[in-house]
Amino acid sequence: MLSFQRFGRWMMLVVLAAGLQPLQAAGDHPSPMDILNGRVKKTVKSRQATERPAARPRRHLSPMEVLQGRSGRHTRKKHPQPPETTPKNPAHKAVRSRRTPSSSESAGRQKRETIPFEAPPLPSDVEVIPLDETPVDVTISEENAAPEPAKKPLHEKRTKPRTTQASTLPLLHAPRTKVLFFTSDDGPVRGTDRLLKILKEEGVKATLFCIGKRVEKDPETFRQALATPEVLVANHTYSHANNHYRRFYTGKTLNVVNDIDRAQKLIGGPKYLRLAGRDVWRLPDLKRNDWAINVAQRNKEIAKYDALANRGYFIYGWDIEWGFSHTTQKPLFGGAEMARRVETLYRSGKMAQPGKVVLLAHDYMWRTPGSARQLRLFLQIMKERGWRFETIDQYCNITPEAYAKTHIKKAPIVRPAQKLARKARILPAEKAPRIVTPPNKPIKKPTRTELVTMLNDAISKQQFIQMRRLIAQGADINARDAQGRLPLNVAIQTNNAVMVRMLVERGANIFNVDAEGMSPMGVARQHKNTIIIRYLIRQIDKQRQHRLRKTLFAVGDVPFAG
């Protein structure tokens, strides 16, 4: 066993001695005894450390360096390289040398000798200019250095408000001015006197849009508003659309115009108008519809807005509203919060015109002392922040009267005969119709029987409005028509309990009989309408009690009460 181990050890020494023989001559490697004693690895590592420095570990980048486009290889420091020396060769001979072997290559490879290389001869007409060996200073001084661009913060606040498109007419105020148009609607009511007192004490200008009906009910408060120098009184329709805005603006255009003209006669002054329940603008340099309603309803109402504008009205909407509770009629938030909202709106620039904010409020919001204190606080805060209060006549640089003279043409009143004549002028002469003015014949009034017949036809077609008109014209509810029909029996045949109740309340006799001898109760039982039968039974009992009491009153036992 020992002999085999000794033989293997001596064979390893022979192989290593044969491989390291050329390196031993150079003196770069240890002896075979050093290899056997385990010193080879340490010496090889020390030589590699002297030839090439160890690579530095890769540094992790921060998120900001990743955003700025840096990478790991740009952050490493480059190791200094020895300067390259170019051999001087006046005979234009270049020396091409083999690169030095790296430490990763085999250690037993010897360095090859350099091989001289002769350059081809230059032509005779080429002049050789020697290179200037003086070093060139390429450093950049602080004076010649370009200034670094100013770094903008990532989250820069927007200080300049957004502005809408400039109007065609010149503005009365500059875009950067802060003008607040305080407007209050639906007066005069209980809180109007308190509002007028606060405006007078604070010296704030405001506009009150008054309703014609309430002006007639409370003329004293209206005169007080007219006498206040800080207040401008304007039109807010006569009926306030009866609080049914869709029905009011969907109806006829003439009804809308007449309602507003009636209020204008009561209020007087320039034609400044705010529509009831609609945020609509019609000014010489501003035209905007109410985007809170759907498209179909808006298209129906646009004709009414344009008709009022053609009559010379300046229609004003609002930019922001001071909300209130519809149950208590008190403001939903205080004066400080409202001031903050107005400032936010001004900075956003989402107004009808830049630099001008129209605030909407209502008179009945200020009827309590607490809400009045919030109004006073709001006015004081806005004055401290540099806001100027103006009335609505300062919103545009022209009055309605001056604009109507230059831009609105009055349409001539055209009678029916003149309309036919205009059509005749358009047509050729041979096709022009002959205009014949009808003679003034007296209108024939219908007889009593004809009125009852028309009433029965309206009841059978369930036309409520026509039925009311005929009854107002004098149609007898308890009479028969030419065919012997009673209006109450016709209403029962249509199975319309609402019409039956209307006729009974207007005085229809339940005990009447038509030409066929049918009473209203008999007709109801024939059609098996239980609702009408029960209603008629209750009415019959009431009439019987009424007759009984009337009879007893005639005898003198029971007092009769109507």
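Each value in this text was obtained by applying a stated rule to the coordinates, not by laboratory testing. What you see is a predicted model; the values in this text were computed from it and never measured. FYI the Cβ positions are ideal-geometry reconstructions off the backbone, even for glycines, and counts take in every protein chain you see.
Structure notes:
- Theoretical gain in end-to-end length, GLU505 to LEU548 [0.36 nm per residue, Cα-Cα removed]: 13.5 nm
- Cβ crowding within 10 Å averaged over residues, with 486-493, 522-529 ranked highest first: 486-493, 522-529
- Inter-label distance for THR447 and ILE465, nm, one decimal - labels placed 7 Å from Cα along Cα-to-Cβ: 3.0 nm
- Loop chymotrypsin sites (Phe, Trp or Tyr not before Pro), the stretch 222-316, which have at most 11 other Cβ atoms in a 10 Å radius of their Cβ (DSSP): TRP291
- In sequence order, the stretch 517-524 has phi-based couplings of x, 9, 8, x, 5, x, 5, 5 Hz under the Karplus curve 6.51 cos²θ - 1.76 cosθ + 1.60, θ = phi - 60°, and Gly or Pro positions carry x.
- Overall form of the stretch 496-551 per C-alpha gyration tensor (a/c, 1.5; a/b vs b/c): prolate
- Computed E for ARG525/ASP285 - FRET, C-beta separation, R0 51 angstrom, nearest 0.05: 0.10
- When the GluC sites (Glu not before Pro) in the stretch 307-412 are filtered for DSSP coil states and for at most 14 other beta-carbon atoms within 10 Å of their beta-carbon, no site remains.
- Cross-link pairs exceeding 18 Å in C-alpha to C-alpha distance, out of LYS178/LYS356; LYS217/LYS265; LYS200/LYS271; LYS200/LYS383; LYS217/LYS330; LYS178/LYS330, comprise LYS200/LYS271; LYS217/LYS330; LYS178/LYS330.
- Stretching the chain fully between SER348 and ARG388 yields a gain of 12.5 nm (0.36 nm per residue, less the alpha carbon separation).
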